[in-house]
Every structure is written in structure tokens, then in C-alpha cells.
Amino acid sequence: MAEAPVGVFDSGVGGLSVLGEIHALLPQESLLYVADCGHIPYGEKSPVFIRERCVAVAEFFREQGAKALVLACNTATVAAVADLRERYPDWPIVGMEPAVKPAAAATRSGVVGVLATTGTLQSAKFAALLDRFANDVKVVTQPCPGLVELIETGHLHSDALRTLLRRYVEPLLAAGCDTLILGCTHYPFLKPLLRGMIPANVILIDTGAAVARQLQRLLAQRDLLASGPARPAQFWTSADPQHFREILPMLWKKSDIVSSFVR
Ligand code: DGL
């Protein structure tokens with residue numbers, strides 16, 4: 001069982017930012033990745049719809065013999081992680097949420113900005129996170145509709161992306177934020193573009209590396225860490241596999257086995 005693969009899932013290519021962290025920390029693990037690109041963006045969908053998609057993907061990973069599931073998506077986590085844990089009580093499931101706690105510790109201005117999807121920012125889980133960790137700082141939230149769709153095109157330096165990103169970031173800088181939480185797994189791919197539009201002292205925080213460490217902990221607790229060697233990563237997408245094959249080398253340089261995910 002320890003040599004079984006880990007299933008990693010996002011609405012699209014965003015979770016590849018997490019997949020990279022998992023591979024860096026746990027190179028001996030075999031990885032399966034589903035990009036539900038046919039239903040993107042999750043950020044503008046209902047929690048009920050997202051839960052249905054998460055169950056479809058979870059069932060698929062279980063058929064593939066996955067020993068653990070990583071929800072490499074903040075929006076899917078707030079909508080579905082509790083439901084999935086209830087359905088599969090013995091299956092290690094790692095979710096992710098915006099890094100409010102480390103950001104509250106890192107800020108010097110006392111003002112933290114959160115870039116995330118509408119679904120994440122509107123969720124009760126996010127409100128609870130603020131209640132728990134953000135009492136001593138001011139948090140300014142910025143939903144970012146449209147950003148994920150532009151990232152999915154693979155053109156990470158397009159004028160359209162730069163313009164939209166600037167529109168979302170400027171109010172946060174104007175509000176005095178010196179720490180920005182990248183609360184969607186697509187956004188770490190925007191770091192080069194972001195760096196060009198924010199002062200050098202502004203800190204960017206995402207949770208990919210912490211998710212990889214949490215996966216390591218959960219697998220270790222259950223004696224499920226693989227000894228390797230890992231099999232090549234495998235990818236499935238619910239949209240056009242050819243498009244995914246084209247953008248994969250830009251975001252994940254290690255494999256190009258892409259198949260269709262139909263559920
Ligand atoms: N990557 C996802 C997240 O972390 C959301 C993308 C979407 O809206 O589909 O929230």
C-alpha cells in the first residue's frame with residue numbers, strides 16, 4: 001500500500017503549484033493529478049456543485065488505488081473537505097486554506113491582503129479562519145473573478161492578465177498591505193508578474209509547501225511513505241487533453257502522460 005500513488009486534484013492547472021511542492025519534498029511518491037478544467041472556475045460555482053465534482057474525482061482516485069487525496073484547491077477545500085472526510089473516514093485527505101496564520105505573524109504594517117476566489121472568501125470556513133488567527137491584524141480581501149480562466153490559457157505574461165491582476169492588487173497596496181496571501185493555487189504561477197507590480201518589501205505567502213509537509217505527516221503516521229522509485233506522474237483533464245499537454249511543460253516539467261477524465 002505504501003507504494004500506491006497519491007491523488008492530487010484541482011479545478012485546473014492551479015494544483016500543479018502544489019504538485020511541484022509535493023514532488024520536491026517527497027520525490028519517491030507516485031503522483032496522479034486530475035484537472036477538472038471542464039468545470040472551471042470553481043470559484044464562481046455553488047458549494048453543492050463543487051462537492052459533487054469532488055466526489056466524482058475522489059471515486060476515480062479510489063478506483064486507481066490512491067492511498068491518499070490532496071485537495072490542491074482552496075475553493076474545493078472550503079466546499080467539500082468535511083463531506084469527503086465523512087464519506088471516506090479511513091482515507092488520508094489533505095485540504096488547503098489561505099495562509100492567514102503565517103500572514104498575521106509576518107505583517108509589519110498590520111494589514112494583510114487576501115487574493116482568492118469568490119467562493120473561498122464567502123465561505124464560513126474562511127470566516128472562521130479570520131476569527132481564529134486575524135484578531136490583531138486588519139485583513140483586506142479581494143475576490144479575483146477572471147484570473148483563473150486567464151491562467152488556464154497558459155499565457156502567464158499576457159497584457160490581459162497583467163491588467164486584471166493590477167486591478168486586483170492596487171486596492172490592497174493602497175490599503176497598506178505589506179503581506180499578500182495567495183489564497184488560490186493558481187496564483188503562485190503569477191509570482192513573476194506580481195513581483196513586477198508590488199514593492200520589494202511586500203511579502204507573498206502561499207501554502208503549497210505546507211500542504212506537502214502535511215501530506216508527509218499524514219502518510220508517516222500511517223506508515224504509508226513510499227520508498228520509491230516513483231512512477232512517472234499521470235495526468236487527467238475533463239477538458240481538451242491537447243491544450244493541457246501544451247501548457248503542462250510550462251507548469252510541470254516532468255511528464256506528459258495526459259488522458260481524458262470523463263465523469
Ligand atoms: N485553484 C482553485 C483554488 O485554489 C480555484 C480555481 C477556480 O476558481 O476554479 O481556489
Against the longest alpha carbon principal axis of the chain, how many degrees, from 0 to 90 and to the nearest 10, is the axis of helix 241-251 turned?
60 degrees
Under 11 Å from the 7 Å Cα→Cβ point of Ser158, by amide nitrogen: which residues of region 17-52?
none
Site Gln234, offset 7 angstrom along Cα→Cβ, radius 17 Å on amide nitrogen, limited to region 1-40, gives 1-10, 29-36
Under a point spin-label approximation (7 Å from Cα along Cα-to-Cβ), what is the Ala4-Glu59 distance to one decimal in nm?
1.8 nm
Filter on Lys101/Lys125; Lys67/Lys191; Lys125/Lys191; Lys45/Lys125 - keep pairs with C-alpha separation over 22 Å:
Lys67/Lys191; Lys125/Lys191
Listed highest first by mean packing, meaning other Cβ atoms within 10 Å per residue, what order do 170-179, 110-119, 12-21, 219-228 come in?
12-21, 110-119, 170-179, 219-228
As I understand it, the value is the acute angle between the Cα axis of helix 124-133 and the longest principal axis of the Cα atoms of the chain; what does it come to in degrees, rounded to 10?
60 degrees
Interchain or long-range residues, amide H under 5 Å from Val8's placed H
Leu32, Tyr33, Val34, Val70
Write down the accessible area per residue of the chain in Å², having rolled a 1.4 Å probe over the full set of protein chains.
42 Å²
The ratio Rg/Rh over the Cα atoms of region 6-74, Rh being the Kirkwood inverse mean 1/r radius, stands at 0.97
Whenever you get a sec, compute what percent of the accessible area on the chain sits on carbon and sulfur atoms (1.4 Å probe).
53 percent
Global form of region 151-263, assessed from the alpha-carbon gyration tensor, a/c cut-off 1.5
oblate
Whole-Hz Karplus couplings 3J(HN,Hα) for region 198-207, θ = phi - 60° and coefficients 6.51, -1.76, 1.60, Gly and Pro as x, run 10, x, 4, 7, 7, 8, 10, 10, 10, 10
To test your reading of the geometry: what angle, between 0 and 90 degrees and rounded to tens, separates the Cα axis of helix 159-174 from the longest principal axis of the chain?
60 degrees
What number, in percent, do you get for the relative contact order of the chain if the mean sequence gap of Cα pairs under 8 Å and at least 6 apart is divided by its residue count?
29 percent
With a 1.4 Å probe and all protein chains in place, put Lys125, Lys138 in order of accessible area, largest first.
Lys138, Lys125
Expressed in angstrom and rounded, the centroid-to-centroid distance over alpha carbons for region 203-237 and region 45-66 is 19 Å
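The values are calculated or read from the model by the stated rules, or taken from the named source; none is laboratory data. Just so it is clear, the model here is predicted, and its values are computed rather than measured. Positions of Cβ are backbone-derived with ideal geometry, glycine not excepted, and every protein chain shown enters the neighbour counts. These accessible areas exclude ligands, DNA and RNA; they are computed on the full protein's heavy atoms, side chains included. Shrake-Rupley method; radii C 1.70, N 1.55, O 1.52, S 1.80 Å.
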